[in-house]
1. What is the distance in Å between the Cα centres of region 322-360 and region 127-162?
2. So what J values fall out for region 430-442 if you push phi through Karplus, 6.51 cos²θ - 1.76 cosθ + 1.60 with θ = phi - 60°, rounded to Hz, Gly and Pro as x?
3. Show which lysines lie in cross-link reach of Lys341 when reach means a straight Cα distance below 18 angstrom and same-chain residues fewer than eight apart are skipped.
4. Where the only charges are on Cβ atoms (+1 Lys, Arg; -1 Asp, Glu), what is the dipole of region 441-554 about its Cα centre, to the nearest 20 debye?
5. Residues with amide H under 5 Å of Glu174's amide H, sequence separation 5 or more or different chain, H placed in the peptide plane at 1.01 Å from N; which?
6. Starting at the first residue of region 195-210, write each ³J(HN,Hα) from the Karplus equation 6.51 cos²θ - 1.76 cosθ + 1.60 with θ = phi - 60°, in whole Hz, x for Gly and Pro.
7. Once phi is turned into ³J(HN,Hα) by the Karplus curve 6.51 cos²θ - 1.76 cosθ + 1.60 with θ = phi - 60°, what whole-Hz value does each residue of region 159-174 show in order, with x for glycine and proline?
8. Taking the Cα centre of region 396-541 as the origin and placing charges on Cβ (Lys, Arg +1; Asp, Glu -1), which of Thr471, Leu431, Ala527 is farthest toward the positive end of the dipole?
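None of the figures in this text is laboratory data; all of them are computed from the coordinates on show. Predicted model only: the values in this text are computed from it and were never measured. No Cβ is skipped: glycine too gets one built from the backbone with ideal geometry, and neighbour counts run over all protein chains shown.
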Amino acid sequence: MSEFTQEEPRLGNQYDDDGLLRAYLRWRLPAKMRAQIDPELRRLGHRVITDIFALGEAAEASPPRHVPYDAWGRRVDRIETSDAWRQLDGISASEAIVATAYERANGPLSRIDQFARLYLFAPSSALYSCPLAMTDGAARFLEVHGDDSTRPVFAHLTSRDPEEFWTSGQWMTERTGGSDVGSTSTIAKCEAGNDYRLYGSKWFTSATTSQVAMTLARIEGAPAGGSGLSVFLITLRDSDGMLRNIRIDRLKDKLGTRALPTAELTLDGAPARLVGGAGDGVRKIATLFNITRVYNAVAAVAGMRRAIALASDYARRRRAFGKLLSEHPLHVETLADMQLKLRAAFLLAFRVVELLGKEESGEAGESELQLLRFLIPVAKLYTAKQAIAVASEAVEAFGGAGYVEDTGIPRLLRDAQVLSIWEGTTNVLSLDTLRAIERADALSAWTSDVRRRLKAIQAPGLRPSVERVATSVQRVEEYATRASRSGKDFQQTGARAFSYAIARTEAAVLLIEHADTGGDDAAIIAAQRWCARELALLVEGDADHRDGSALLVKPDHQT
Ligand code: MFK
């Protein structure tokens with residue numbers, strides 16, 4: 001009997017192998033900056049397939065453990081993490097994955113540098129990208145709302161020195177759920193000035209090993225709802241490393257993100273500092289979660305890229321029906337579709353990164369601020385869904401091997417699935433897109449911006465694509481006018497389809513721009529193919545439509 005074994009997929013330097021990332025950086029960055037960051041990204045591209053990769057695997061193999069009591073019955077509430085997980089913390093600092101954004105060595109373009117690092121790091125990091133996202137969000141919050149007393153914390157969160165670097169949690173979810181933050185029931189009792197004690201429970205707290213956390217609580221006597229909440233900074237442990245009036249009730253047993261400690265906590269008089277003044281907590285903490293949502297989008301495209309790198313390499317090794325998978329036209333077609341989704345999602349995510357960099361450097365004009373507010377939820381929700389679709393396709397591209405845990409492939413899908421849940425679900429963010437239109441008049445800023453950019457396209461071969469996108473913008477605009485006259489139920493029913501239409505159309509413009517200005521043949525084909533698809537599949541959420549939906553979801557026994 002002949003012995004049949006399959007070759008495993010291999011990864012090359014994740015910077016050198018990533019034509020899309022390098023083409024994007026060539027397109028968007030001045031040569032001088034590229035020359036400066038290129039060697040660093042190449043070095044990181046090598047590390048993420050060697051030592052960082054090995055640490056990520058080791059962290060995944062040794063998930064965190066909650067130790068409630070010590071041997072003598074004393075409540076200690078330690079979360080034991082692997083040595084690998086702790087090393088990933090130091091590497092994140094020395095690779096300046098958060099610090100680059102705050103050093104702002106390249107002004108508004110620093111965010112591109114920083115998110116390129118995250119993009120390389122995230123898929124090998126066993127989700128260390130999660131504490132980094134929250135750390136960056138907290139740093140930005142403290143930069144905007146902090147005072148002298150929080151400056152040392154800001155310095156820790158943005159340090160490159162592994163000895164000095166701290167991470168932050170972001171505790172927003174309570175038993176009532178992660179979406180309806182306004183119903184937070186944690187109470188803050190004032191001790192003196194801005195020093196408070198918090199009482200309540202937090203139901204999902206990611207990276208509970210962090211040194212500090214940002215959270216929401218209602219100061220005694222404050223009104224109900226999001227406007228009655230305030231933002232607090234908690235320093236979790238005392239100088240002996242013991243939690244300060246915080247009890248860990250248990251760690252979550254999750255579908256994915258298994259190296260990441262996620263806990264249920266009780267705050268029983270935890271000391272906390274009020275930051276940014278009393279009240280308006282939801283609006284203030286949006287500064288933080290708008291950063292974590294950008295991380296989510298970049299982590300989503302990074303996950304897509306890793307899934308495609310593995311599936312593409314495997315296709316060049318695996319033989320079936322007498323030839324390599326990469327020689328089967330239908331398999332090539334499947335991989336090409338994954339690549340197209342990645343290109344569109346990548347440009348969308350980095351469009352938001354660029355706008356964020358401008359905002360933070362004070363270089364964004366009024367319309368760019370409106371665009372940033374509008375495109376963050378759009379990019380987050382769309383890239384998350386695309387990441388899940390691509391991860392699922394990648395698992396399938398491995399056949400049975402993709403369904404077997406010790407190949408490491410199922411993790412791609414398990415870890416992708418969280419992207420559409422945390423940091424706002426698809427529906428919550430679709431409604432946030434409507435909020436941005438209503439409160440920031442973002443739609444007209446977006447349609448004007450898109451039309452201006454389409455006008456600048458030169459290449460004759462892209463004309464049909466430009467026309468299709470222009471039609472789609474027109475349809476989105478007409479739909480929005482109809483929706484605004486038709487009331488909340490109409491708008492909310494169609495909100496997800498509407499957000500997808502914005503995402504696909506914005507991605508189409510970016511693909512065309514890239515193809516037009518310096519893109520290669522693949523960029524041109526990508527733009528043409530993307531634009532040939534239906535970009536604006538809108539849902540008319542009128543009473544008839546809603547009645548039909550209600551009928552479809554009616555329990556069988558009532559029909
Ligand atoms: C690698 C990636 C790693 C990612 C790490 C993740 C780890 C962390 C895990 C988590 O923490 S998951 C939990 C995340 N939870 C959320 O993201 C919350 C989801 N829910 C929402 O976003 C809701 O839309 C929201 C809580 C904001 C709704 O609350 P309200 O109280 O009904 O909000 P309301 O009244 O509409 O808005 C209050 C104010 O905030 C308004 O300001 P104004 O009164 O001045 O107009 C809003 O405009 C403003 N606001 C809301 N969302 C905003 C915003 N402003 C700017 N940007 C936004 N996104």
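1. 31 Å
2. Here the 3J(HN,Hα) series is 5, 5, 5, 4, 5, 4, 5, 5, 5, 9, 10, 6, 7 Hz.
3. Candidates past the 8-residue exclusion: Lys380, Lys385.
4. Details: 16 positive and 16 negative charges, 16 e Å.
The dipole of region 441-554 has a size of about 80 debye.
5. Result for Glu174 returns Trp203.
6. Along region 195-210, the couplings run 8, 10, 10, 9, 10, x, 9, 10, 8, 9, 10, 7, 6, 6, 7, 4 Hz.
7. 7, 8, 8, x, 6, 9, 5, 10, 10, 10, x, 9, 9, 10, 8, 10
8. Toward the positive end, the furthest listed residue is Thr471.
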